[in-house]
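The values are calculated or read from the model by the stated rules, or taken from the named source; none is laboratory data. Predicted model only: the values in this text are computed from it and were never measured. Cβ: placed from backbone, ideal geometry, glycine included. Neighbour counts: every protein chain shown. These accessible areas exclude ligands, DNA and RNA; they are computed on the full protein's heavy atoms, side chains included. Shrake-Rupley method; radii C 1.70, N 1.55, O 1.52, S 1.80 Å.
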Amino acid sequence: MGSEVFWTRRLRWRMRGALMWPLFAALTIGDALLLHFLPPNRTGVRIVPGLIIASFANLFLIGVVAPFIARRLVARERRAHKVEEREPIPPEVFLDRSASALLIVATIGLAIAGAGNRPVIVSETKATEENAHLVESYVNAHGTPEVKANLQTANSKRLAEGYFRTCINLNDRSKAFCMYVNTKAKTVVPDGSQRPNSVEFGGGF
């Protein structure tokens with residue numbers, strides 16, 4: 001009878017502490033989607049690499065961080081059990097609870113980081129679009145026929161927030177018509193140098 005009671009209690013604790021792996025599966029997929037659609041960086045992460053990154057990060061939390069925290073909680077529980085008359089909580093429950101909490105906190109943190117980075121991405125995108133608009137307007141108003149004919153080759157290098165060096169290739173592809181564009185002041189200033197961005201900076205974007 002005592003054995004049956006023991007295993008019944010054990011099963012009840014296990015049922016109460018069985019969230020870790022379902023949460024791992026669900027939140028790993030969720031983390032991968034966050035890395036793709038709401039990234040904490042400017043470039044974002046593709047779904048499959050994001051899934052790999054999230055898997056390794058969450059496994060680290062479950063396999064390294066959660067056991068460390070669980071051992072501390074188990075030790076505290078054993079000390080408390082010596083002075084209190086109550087049913088002790090099995091160690092695996094502490095592990096499950098610690099891992100589950102870490103997984104949830106990590107996902108919330110990732111979402112907050114992505115949301116915080118979103119205005120930066122939007123602002124940069126608007127600046128890039130404004131840069132293209134200013135360059136097109138300037139070339140149409142002041143550009144030579146050669147520059148106008150090659151407008152589609154325009155490429156930009158961001159030098160600072162809202163400040164670009166944009167170059168349009170000339171027929172001689174080793175040369176370019178370049179401009180400094182300030183999207184905040186909405187100014188375009190021709191650059192006397194005909195060195196393309198790829199030469200000036202080692203690569204344009």
Would any residue of the stretch 152-187 have its amide N under 18 Å from a label point 7 Å out along Cα→Cβ of V199? List them or say none.
153-157, 165-180
Given a Förster distance of 25 Å, report the FRET efficiency between F37 and T187 from their Cβ-Cβ distance, rounded to the nearest 0.05.
0.10
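Sort R158, R79 by heavy-atom solvent-accessible area, probe 1.4 angstrom, most to least. Walk me through the numbers before you get to the answer.
Details: R158 80, R79 150 Å².
My answer, sorted largest first, is R79, R158.
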Treat each spin label as a single point 7 Å out from the Cα along the C-beta direction, and report the A115 to T153 distance in nm.
4.7
Test of understanding: what is the full-extension gain from I108 to E161, defined as 0.36 nm times their sequence separation minus their Cα-Cα distance?
16.2 nm
Heavy-atom accessible area ranking, 1.4 Å probe, most first, across V135, V48, V64:
V48, V64, V135
As straight-line cross-link partners of K157, the qualifying lysines (C-alpha separation under 30 Å, not fewer than 8 residues apart within one chain) are K126, K148, K175, K184, K186
Order by accessible surface, 1.4 Å probe, largest leading, for residues H133, H142, H36 comes to H142, H133, H36
